[in-house]
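The values are calculated or read from the model by the stated rules, or taken from the named source; none is laboratory data. Computed from a predicted structure; not experimentally measured. Don't worry about glycine lacking a Cβ; one is built from the backbone with ideal geometry, like all the others, and counts go over all protein chains shown.
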Amino acid sequence: MRIGAVRPLRLDLSDLRYSGQSAEDLRAADRLVLPGDLLFTRYNGNPEFVGACTSVPDSAPLLTYPDKLIRVRVDRRVVLPEFVAYAFSWEGTRARVREYVKTTAGQAGISGGELKKIELPVPSLAEQRRIVAALEEQISKIESGERGLTNAARRSGQYRRLAADLATKGGFAEPLTGDGTGPELFESIRSARASRVKTRRLKPATLSGPVPKVPAHWTVVSLDEITELIEYGSSTKTSESAEVGGVPVLRMGNIKDGKVDPRVLKYISADHPDAVRYRLQEGDLLFNRTNSFELVGKSAVYRDKFGPMAFASYLIRCRFLPGVDTDWVNLVINSSIGRRYVRSVATQQVGQANVNGTKLAAMPIPLPPEGEQRRILDVVETHQAAALRLESGIRQQGAKATRLRRALLTQAFAGRLVTQDPADEPAEILLARIRAEREAAGVTKTRRRSPHRAPAQRKRTPDTAPTADAPPPPRADAPDLAATTQPTLDLEIPS
């Protein structure tokens, strides 16, 4: 297994690696993972995933585990592994885990010794079974709803892409008298280009790749034929601190979903020549020339509302001639027409893909009349806005599902999720009997408390969950599991 296989209450076995060792050797070294074992994340770049716990299901294949995971086996006569996994997803336990997490070189981690110090409230075994059964029933319903939300989000994304594809292939074409034609518009653009472009780009790049089918009154041109400027950005080293008067520099990570995302920025001094040389203007299109194969070739349009900005060398700026709506070209580049072309010309090296300025210049761009460009963009915007509203609702429902799961766990470990049966054998009596059996058998292990270990503390009562998401109220006489004195379990971590 890889470290990413373990997430809270979930074991993802979709990306397994093979150790090259035989099952016999791993069994002899006690490195196999068995059904019912608990797996904890020991290290992760995200501190919230440190101490994430899941139990290994009976259906799991023969597995071993890396040193960034911790395997735990509990005495099932005292505690259910599923109960422990739920306990480590409860916010009360997560708060204790955070106290022990240490960060080194960008990696957050927790040791097996620190993990052992975390105390859990343990009810009777019978009540554990009832709690686990109730949580499995309720959380399975939440997960079913979350799968529905995921599918809805996927379909919404498909809908947005379909709208863009239909638009760029003429699906929303509505020619009006007075619009003229694409070829007529291109003739006027060609004349403007000849008067504005005086450099080596005077002769534009010709079309490359398959030419998309478009309505008869449109034409298809190369991107170079409709631009007055194509250039790479600044290679000047940037800083994360925004000095007084510093100019933000847009980088490849600022191009997301066809738009500029200015939330994470780096800066150059306002006195640096590149702050002026590469300053963006309203309507400049930025093309991501270097990135992963999935993200290379995405584009976005700069707007003055972002304030003065420059752009980095992994981006290419395109400035278009009159008659060409930058938003139209941006739509084409991010549609299936643009993505298909980028995939056909991108080169890959050391995990990065690249599309240089020469290849970008030859990209085929469908060109409708100017007025029709804007009308089509308005139709697409209507469809996109509807999809975005749907996706916003999906995110809200996803957040509600998260709150409901948290509320269920809070109720479970407050002793309010299931009925408590006074006939159940208390966990402390069971623990005492098992310890006595071990002593009689001569197998008691001597455990020495670390001199640095803090005295055991009583569990704090967690905050009450939001009433809108909480399960039905408990009986008035139901005791609070987390607030009452409970036996605490010392986890046994095999060496």
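Laid out as a table, the results:
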read-out	value
Residue ID - surrounded by the most Cβ atoms within 10 Å (Cβ to Cβ), chosen from residues in segment 37-51 that are among the aliphatic types (A, V, I, L, M) and over 18 Å from residue 19 (Cβ atoms)	50
Residues of segment 216-256 satisfying the condition of being within 22 Å of residue 301 (Cα to Cα) and of a type in the set (Asp, Glu)	224, 225, 228, 231
Some residue of segment 130-139 being closer than 30 Å to residue 423 by Cα, surrounded by 18 or more Cβ atoms within 10 Å (Cβ to Cβ) and free of Cβ contacts under 8 Å to residues at least 60 places away in the same chain	yes
Near pairs, Cβ below 6 angstrom, 6+ apart or cross-chain, from segment 278-298 (over 16 Å from residue 313 (Cβ atoms)) to any residue that is of a type in the set (Asp, Glu)	282/304
Number of the exception - residue 242 against (1) more than 27 Å from residue 336 (Cα to Cα); (2) touching a Cys at 6+ places or on another chain (Cβ under 7 Å)	(2)
Some residue of segment 123-142 being in a loop (DSSP other than H, G, I, E, B) and within 30 Å of residue 408 (Cβ to Cβ)	yes
Looking only at segment 374-407, and only at residues there that are of a type in the set (Ser, Thr, Tyr) and within 24 Å of the chain's Cα centre (by Cα), the one that is surrounded by the fewest Cβ atoms within 10 Å (Cβ to Cβ)	392
Tally, over segment 327-355, of residues that are within 25 Å of residue 190 (Cβ to Cβ) and assigned to a helix (DSSP H, G or I)	11
Of the criteria (1) surrounded by fewer than 16 Cβ atoms within 10 Å (Cβ to Cβ); (2) over 30 Å from residue 312 (Cα atoms); (3) touching a residue at least 24 places away in the same chain (Cβ under 8 Å), which one residue 212 fails	(1)
Candidate set: segment 72-106, residues that are in contact with a helix residue (DSSP H, G or I) (Cβ under 9 Å, 6 or more places away or on another chain) and among the hydroxyl-bearing types (Ser, Thr, Tyr); chosen: the one surrounded by the fewest Cβ atoms within 10 Å (Cβ to Cβ)	103
Filter pass, residue 54 being more than 17 Å from residue 116 (Cβ to Cβ), surrounded by 13 or more Cβ atoms within 10 Å (Cβ to Cβ) and under 29 Å from the mean Cα position of the chain (by Cα)	yes
Subset of segment 221-247 (residues that are more than 25 Å from residue 199 (Cβ to Cβ) and not charged (D, E, K, R))	238, 239, 241, 242, 244, 245, 246, 247
Only one of 160, 154 that is within 22 Å of the chain's Cα centre (by Cα), closer than 18 Å to residue 332 by Cβ and not assigned by the TED database to the domain that holds residue 10	160
Filter result for residue 284 (crowded, with 17+ Cβ neighbours inside 10 Å, in the same structural domain as residue 202 (by the TED database) and closer than 19 Å to residue 377 by Cβ)	yes
Selection count where residues are assigned to a helix (DSSP H, G or I), touching a residue at least 24 places away in the same chain (Cβ under 8 Å) and of a type in the set (Lys, Arg), scope segment 144-173	2
All strands (runs of 3 or more DSSP E) inside segment 283-326 with 1 or more residues being touching a helix residue (DSSP H, G or I) at 6+ places or on another chain (Cβ under 7 Å), modelled with pLDDT of 95 or more and of a type in the set (S, T, N, Q)	285-288, 299-301
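To keep it simple, each residue is scored yes or no on (1) in contact with a Pro (Cβ under 9 Å, 6 or more places away or on another chain); (2) at pLDDT below 90; (3) not β-branched (Val, Ile, Thr).
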position	(1), (2), (3)
6	no, no, no
18	no, yes, yes
22	no, yes, yes
38	yes, no, yes
44	no, yes, yes
56	yes, no, no
59	yes, no, yes
74	yes, no, no
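Listed here are the residues, each with its yes/no results for (1) modelled with pLDDT of 95 or more; (2) among the small types (Gly, Ala, Ser); (3) touching a Phe, Trp or Tyr at 6+ places or on another chain (Cβ under 8 Å).
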residue: 87; (1), (2), (3): yes, yes, yes
residue: 102; (1), (2), (3): no, no, no
residue: 108; (1), (2), (3): no, yes, yes
residue: 121; (1), (2), (3): no, no, yes
residue: 129; (1), (2), (3): yes, no, no
residue: 134; (1), (2), (3): yes, yes, no
residue: 137; (1), (2), (3): yes, no, no
residue: 148; (1), (2), (3): yes, yes, no
